[in-house]
């Protein structure tokens, strides 16, 4: 039984726990926190930047990217973010990882949108060397998540010195009085014959970061999120990163893929050529698992796919309602659905 009663900054829900042997009931209250990820599908401003390849998102480019379209895109992104996690947490995401955004300016415009302004989201952003100029970032609600530190890890391949893609963002913060490390990713795309190897290299970088966090604290609580351009079953995630399907498979120092079981049920975050993929994954470290919720723990995961985010007709029917179909503006949202997890902590 879930009781929708607000408590401080997050929603408190009531779970009825039944002891099967004595058939007696014990009630416990938990505070719920939402963590989310969203691929914004090319959130570019309208100004040409000679340092990157952003021509298609300018007024003179093939998309005829005008201020009017930009403002509609911003309002649509804010609408989605403002509704994430509201089923269990009225405050929305404590933090949300983002990708496919051009610069800090588009983030400042986003958090200032009427649908989001009251949350007072803070921004963690660094420019990446990606050729198209797209970056990753983290928005956070300072009333819930206190940022302590942040840094990026560059993507380098010794035999491909000219290859440029997104950095991996690491943010250390405090949630529910506990340290939490968040890694935001946007791994290399599936273009090219050796693209899987590129993503496996990205997974190697993330795994090394996680191992270093574990080395410093074997109880490190880590959330890995991002558009990995691979599914939970692919080698980069399953083998190199070592993210498991089931919680009981996770050993000390291991990782749990909160999205894998959704994928097994045929639920995805994007569709391509008649097939669902689940590239937008959220993976948690072993200390976030377990039944003892006296400290912060993973509760459940979700793919946010309400009807208004789904294309109702045409070529992409049933798939996420995207911004463009070819170069034709659809006034949609993104070609990806957001994904999210709920973290809980028992109230004393």
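The values are calculated or read from the model by the stated rules, or taken from the named source; none is laboratory data. None of the values given here were measured: they were computed from a predicted structure. All Cβ positions, glycine included, derive from the backbone under ideal geometry; neighbour counts span all protein chains shown.
When the test is whether a residue is surrounded by 19 or more Cβ atoms within 10 Å (Cβ to Cβ) and at pLDDT 95 or above, residue 168 passes it. The numbered conditions (1) at pLDDT 95 or above; (2) surrounded by fewer than 20 Cβ atoms within 10 Å (Cβ to Cβ); (3) within 18 Å of the chain's Cα centre (by Cα); (4) assigned to a loop (DSSP other than H, G, I, E, B) are all true for residue 79 except (4). Do we have any residue at all in segment 136-143 that's closer than 16 Å to residue 223 by Cβ, in contact with a helix residue (DSSP H, G or I) (Cβ under 9 Å, 6 or more places away or on another chain) and not in a strand (DSSP E or B)? Among the residues of segment 136-143, at least one is closer than 16 Å to residue 223 by Cβ, in contact with a helix residue (DSSP H, G or I) (Cβ under 9 Å, 6 or more places away or on another chain) and not in a strand (DSSP E or B), which makes the answer yes. Residue count for segment 177-217 under the criterion of being outside any strand (DSSP E or B), free of Cβ contacts under 8 Å to residues at least 60 places away in the same chain and either within 19 Å of the chain's Cα centre (by Cα) or more than 27 Å from residue 143 (Cβ to Cβ) (or both): the result is 27.
As a summary of the residue check, residue 237 satisfies the conditions (1) farther than 22 Å from residue 152 by Cα; (2) touching a strand residue (DSSP E or B) at 6+ places or on another chain (Cβ under 6 Å) except for the one numbered (1).
Among the residues that make up segment 197-211, is at least one of them more than 18 Å from residue 99 (Cβ to Cβ), surrounded by 14 or more Cβ atoms within 10 Å (Cβ to Cβ) and touching a strand residue (DSSP E or B) at 6+ places or on another chain (Cβ under 7 Å)? Within segment 197-211, one or more residues are more than 18 Å from residue 99 (Cβ to Cβ), surrounded by 14 or more Cβ atoms within 10 Å (Cβ to Cβ) and touching a strand residue (DSSP E or B) at 6+ places or on another chain (Cβ under 7 Å).
Scanning segment 218-227 for residues that are more than 20 Å from the chain's Cα centre (by Cα) and under 21 Å from residue 95 (Cβ atoms) gives a single hit, 219. Of the residues making up segment 237-251, those that are part of a loop (DSSP other than H, G, I, E, B), out of contact with any helix residue (DSSP H, G or I) (no Cβ under 6 Å at 6 or more places or on another chain) and at negative phi number 2. So is residue 298 surrounded by 19 or more Cβ atoms within 10 Å (Cβ to Cβ), without any contact (Cβ under 8 Å) to a residue 24 or more places away in the chain and either within 20 Å of the chain's Cα centre (by Cα) or farther than 20 Å from residue 138 by Cα (or both) or not? In short, no.
Among the residues of segment 82-108, just one is without any contact (Cβ under 8 Å) to a residue 24 or more places away in the chain and either within 16 Å of residue 142 (Cβ to Cβ) or buried (at least 24 other Cβ atoms within 10 Å of the Cβ) (or both), namely 108.
Taking residue 47 as the residue in question, decide whether it is at positive phi and either part of a loop (DSSP other than H, G, I, E, B) or touching a strand residue (DSSP E or B) at 6+ places or on another chain (Cβ under 9 Å) (or both). Taking the combined requirement at face value, the residue does not satisfy it. Scanning segment 109-122 turns up no residue that is in a strand (DSSP E or B), within 18 Å of residue 185 (Cβ to Cβ) and touching a residue at least 24 places away in the same chain (Cβ under 8 Å). All of 282, 267, 341 fail the test of being assigned to a loop (DSSP other than H, G, I, E, B), more than 30 Å from residue 56 (Cα to Cα) and under 18 Å from the mean Cα position of the chain (by Cα), apart from 267. Of all residues in segment 288-337, those that are under 25 Å from residue 74 (Cβ atoms), in a loop (DSSP other than H, G, I, E, B), modelled with pLDDT of 95 or more and in contact with a strand residue (DSSP E or B) (Cβ under 9 Å, 6 or more places away or on another chain) total 14.
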